[in-house]
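Structure, as structure tokens:
The values are calculated or read from the model by the stated rules, or taken from the named source; none is laboratory data. All of these numbers come straight from a predicted model, not from anything done at the bench. Here the Cβ positions follow ideal geometry from the backbone for every residue, glycine too, while neighbour counts run over all protein chains shown. Surface areas here come from the heavy atoms of the whole protein model, side chains and all, with no ligands, DNA or RNA. Shrake-Rupley method; radii C 1.70, N 1.55, O 1.52, S 1.80 Å.
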Amino acid sequence: MNISVIGSGYVGLVSGACFAELGNHVICVDNDKQKISGLKKGVIPIYEPGLQELIVSNLKNNRLKFTSNIKEAVKNSEVIFIAVGTPTLENGEADLTGIEDVARSIAQHIDGYRLIVEKSTVPVETCSWIKKTIATYIKKKQKFDVVSNPEFLREGSAIHDFNHPDRIVLGLETLRAKQIMTNLYQPLNRPILVTNIKSAELIKHASNAFLATKISFINAISRICDQVGADVREVAAGMGMDNRIGRYFLHAGLGYGGSCFPKDLDAFITIGEKLGYDFQILKAVRNTNQEQKAFVLKKIKDVLWIIQGKTIAVLGLSFKPNTDDLRNAPSIDLINALIQEGAKVRVYDPKAMEKAKKILKNVTFCKDKYQAASGADCLIIATEWNEFKELDFIKMKKKLKRALVIDGRNIYDPKLLTKMGFTYIGVGRGNE
Ligand code: UGA
């Protein structure tokens, strides 16, 4: 099929590259000309495992093209995906100006039937607005359909997630749209759920909100665990063995970050407000997530007493492993709070150092984890990269001034570290 994907951010780039790999001809569009000129040469603006290779190979076999010219994309594609950003406005609402803009541009250039597929995470009823906007600005009376096809991929495992989704959700209204979309996804051979458009839009927000709720729930349990001397990992394991609960998204830690959960919760709460519903449960989820960072900071203060003048090593900056994305990363808030208190902070991350240099001031960027730990009074794990799971603690102990580990992601065995002479403090591991 001839497809275009408008918006070359995380979702747009990954979807575009994966659709090309499935044998389609894909045009990826972005209004950032610099980004497009880099992408044409195979320069990828984000770190995502496997993406660079996929883009380069599909560029070579001419199945993937990059352009800033939306007209070219609309003229040459039967299916047009919208994957532009929907950032949060000051009032918590999603900013839909990018979507409206794209809808108007599509309307101007349509010269035959087109299927417009909304892939960005958007408030319920956005597709109705897209439809109305295109109908208003369209020049000739051309037929078109609008589909809601939310994307559920995670950063760090995006290509795998795109190719092996638990479900493909298609919110649509016509048989023609259904046939095109099912043909497009047929090679993936995954379950397809066809719903009405508004349900599909809600499935995405409800899913992200539910996952964030699971995380805040287990983080709340971690607080109780610390008070009574229980281990949240054991509690989560026991809960997760109940199939109704499931074992995923029950890792307590520094809280959730990233570009999706915080933004989507704000947007969902605001949607509720607009509809006259006070989404209290999600407000509590959001507060618990904020509190979790403060709680870990308090733990650090409780053990170090005075932060002023102390040297603190932080391993991991990205909001989760296998990405260089620092948006809403809990590490950043924690580091800024420590600096505010007068600490000298030494940091290391396997992939996010370049991006971190642009936003973190007054920290020492180190070339590896051991250099970061050198002379530090405390070692904090802020992101659970695999390379931190395999630390040489004998070497680490020699590097640190004080053998103190704050395990913000609960990746170590408290007994083992204690036996090695470390003071170990996790999140909900029973050592408040
Ligand atoms: C999330 C969803 O998982 C995807 O399904 C969705 O497509 C995406 O948002 C989106 O809306 O675009 P993502 O933000 O990439 O994906 O990453 P997650 O793996 O969901 O992690 C989000 C945050 O939750 C991270 O900060 C992670 O450290 C934290 N987390 C996750 C926990 O603290 N505990 C857990 O048990 C799981």
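If you take the residues of the stretch 385-405 that are of a type outside the set (A, V, I, L, M) and crowded, with 21+ Cβ neighbours inside 10 Å, which of them is farthest from the ligand (Cβ to nearest atom)? Of everything passing the filter in the stretch 385-405, F388 is farthest from the ligand (Cβ to nearest atom). In the stretch 165-185, of all residues being free of Cβ contacts under 8 Å to residues at least 40 places away in the same chain and open to solvent by less than 30 Å² (accessible area, probe 1.4 Å), the one that is farthest from the chain's Cα centre (by Cα) corresponds to L172.
The lone criterion from (1) in contact (Cβ under 8 Å) with a residue 40 or more places away in the chain; (2) surrounded by 18 or more Cβ atoms within 10 Å (Cβ to Cβ); (3) out of contact with any Pro (no Cβ under 8 Å at 6 or more places or on another chain) left unmet by K198 is number (2).
Restricting the stretch 406-422 to residues that are open to solvent by 20 Å² or more (accessible area, probe 1.4 Å) and under 12 Å from I380 (Cα atoms), the residue that is farthest from the chain's Cα centre (by Cα) is I411. The residues in the stretch 8-27 that are open to solvent by less than 10 Å² (accessible area, probe 1.4 Å) and either under 21 Å from the mean Cα position of the chain (by Cα) or among the polar types (S, T, N, Q) (or both) can be counted, and the count is 9. The single condition among (1) out of contact with any Leu (no Cβ under 9 Å at 6 or more places or on another chain); (2) modelled with pLDDT under 95 that K293 does not satisfy is (1).
Each residue in the stretch 215-243 was checked for being out of contact with any Lys or Arg (no Cβ under 9 Å at 6 or more places or on another chain), of a type in the set (D, E, K, R) and over 14 Å from L254 (Cα atoms), and 2 pass.
When you scan the stretch 228-263, how many residues do you find that are within 11 Å of the ligand (Cβ to nearest atom), open to solvent by 40 Å² or more (accessible area, probe 1.4 Å) and of a type in the set (A, V, I, L, M, F, W, C)? Within the stretch 228-263, residues that are within 11 Å of the ligand (Cβ to nearest atom), open to solvent by 40 Å² or more (accessible area, probe 1.4 Å) and of a type in the set (A, V, I, L, M, F, W, C) number 2.
Which ones in the stretch 122-162 are within 18 Å of I80 (Cβ to Cβ) and of a type in the set (V, I, T)? Once the filter is applied, which keeps residues that are within 18 Å of I80 (Cβ to Cβ) and of a type in the set (V, I, T), the stretch 122-162 yields V122, T126, I130, T133, I134, T136, I138, V146, V147. Between L170, L184, the distinction of being away from the ligand (no atom under 11 Å from the Cβ) and outside any helix (DSSP H, G or I) belongs to L170 only. Kindly evaluate R223 against the criterion of being open to solvent by 20 Å² or more (accessible area, probe 1.4 Å), at pLDDT 95 or above, assigned by TED's automatic domain parsing to the domain that holds S318 and away from the ligand (no atom under 13 Å from the Cβ). So R223 passes the test. The set of residues in the stretch 196-221 being under 13 Å from E151 (Cα atoms) and in contact with a helix residue (DSSP H, G or I) (Cβ under 6 Å, 6 or more places away or on another chain) consists of H205, N208.
Between K132, K178, K139, the distinction of being among the basic types (K, R) and under 19 Å from I271 (Cβ atoms) belongs to K132 only.
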